Amino acid sequence: MFAFISRRILATIPVMGVVALVVFLLLRLTPGDPAAIIAGDAATPAELEAIRERLGLNLPIYLQFFDWLIRLLQGDLGTSILSNTSVGTMVLQRMEPTLALATTTIIFAVLVAVPMGVIAAWKHGTWIDRSIMIFSVIGFSVPVFVMGYIWIYGISINLRWLPVQGYRPISGGFWPFFERLILPTLTLSVIYIALIARITRASVLEILDEDYIRTARAKGLTEKRVLLVHALRNAAVPIVTIIGIGIALLISGVVVTESVFNLPGLGRLTVDAVLARDYPVIQGIILIFAFVYVIVNLVIDLSYTLFDPRIRY
């Protein structure tokens with residue numbers, strides 16, 4: 001086990017290195033000049049050149065990359081070009097809304113989707129199964145921002161049950177904090193509920209055809225025990241995998257959802273940084289997201305040993 005964990009951790013180093021290189025090159029080679037954005041439309045060529053020299057943008061790309069990489073290895077994500085604030089500080093300031101939204105979304109999605117998938121497999125071929133699959137298709141088909149506007153129009157504008165937009169930190173009280181996360185969570189969780197429910201249904205349905213399931217039923221075990229103890233546990237590997245992939249996919253969903261609901265999280269910070277061509281902020285956030293993705297995949301690999309006793313490392 002220790003050797004396996006060591007190999008997986010070491011494997012993340014070249015992955016993160018490639019991500020860092022690709023992100024750096026993509027941002028530097030795309031059209032646009034941060035110096036022009038900072039200086040404004042009325043800036044003279046001399047003023048633009050002075051800003052480029054101050055930011056190091058006039059250096060060759062390879063020198064810019066090595067300088068950034070050395071500071072990154074020292075734990076320095078850089079400094080925002082526009083606000084002159086440490087990227088690490090900006091990330092910490094925006095972390096709470098994103099973590100709160102991602103946590104409530106994945107918890108809600110798992111609590112809803114796994115029972116839905118199990119029930120769909122148990123009631124295979126019935127109207128219950130077909131209804132759940134129709135919901136899954138709709139969940140995949142409707143874009144996140146469209147789902148967000150539907151919730152806003154139906155619940156916030158028509159019924160006036162919840163705030164339309166905004167965020168309150170948890171330090172200001174649990175309910176003001178939670179009520180502003182309900183609609184973003186519902187919006188972002190639909191696609192993950194659909195994804196997890198479909199995979200759960202397929203996995204459990206395959207297990208229900210196994211001989212040991214028929215043996216368990218022949219022994220007189222209740223259907224609930226057969227489904228939860230025998231079927232669901234043995235179908236857990238693909239379910240855990242898709243849940244982990246869902247956590248990683250939250251990155252793109254968070255960007256859109258935070259923009260729709262005006263949440264001051266990392267997704268909104270990413271959009272603002274892209275529009276402003278703030279290279280250090282974009283690079284820092286993408287690297288953090290990539291690191292989270294790698295860690296989630298590592299946790300998924302380790303979790304296989306809990307659900308499948310045949311796996312040994």
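The values are calculated or read from the model by the stated rules, or taken from the named source; none is laboratory data. As the structure is a computational prediction, the values presented were derived from the model and not from experiment. We place every Cβ from the backbone using ideal geometry, glycine too, and count neighbours over all the protein chains shown. We work out accessible area using only protein heavy atoms, side chains counted, and drop any ligands, DNA or RNA first. Shrake-Rupley method; radii C 1.70, N 1.55, O 1.52, S 1.80 Å.
Could you list the trypsin sites (Lys or Arg not before Pro) in the range 78-183 that lie in coil according to DSSP, counting only those with at most 10 other Cβ atoms within 10 Å of their Cβ?
Passing sites in the range 78-183 are Arg160.
Computing the accessible area with a 1.4 Å probe over protein heavy atoms, can you report the carbon and sulfur percentage for the range 83-166?
Here it works out to 72 percent.
Convert each backbone phi in the range 106-115 into a coupling constant with the Karplus relation 6.51 cos²θ - 1.76 cosθ + 1.60 (shift: θ = phi - 60°), then list the ³J(HN,Hα) values in order as whole Hz, x for Gly and Pro.
Each residue of the range 106-115 in turn: 5, 5, 5, 5, 5, 5, 8, 6, 5, x Hz.
Quick check on packing: order 67-74, 258-265 by the mean number of other C-beta atoms within 10 Å, highest mean leading.
Most protected by this proxy first, the peptides run 258-265, 67-74.
Round to the nearest 10 and report in Å² the accessible area of Leu162, as given by a 1.4 Å probe over the protein chains' heavy atoms.
Counting only protein heavy atoms, the figure is 30 Å².
Could you sort the peptides 275-286, 148-159, 80-91 by per-residue average Cβ neighbour count (10 Å cutoff), highest mean leading?
275-286, 80-91, 148-159
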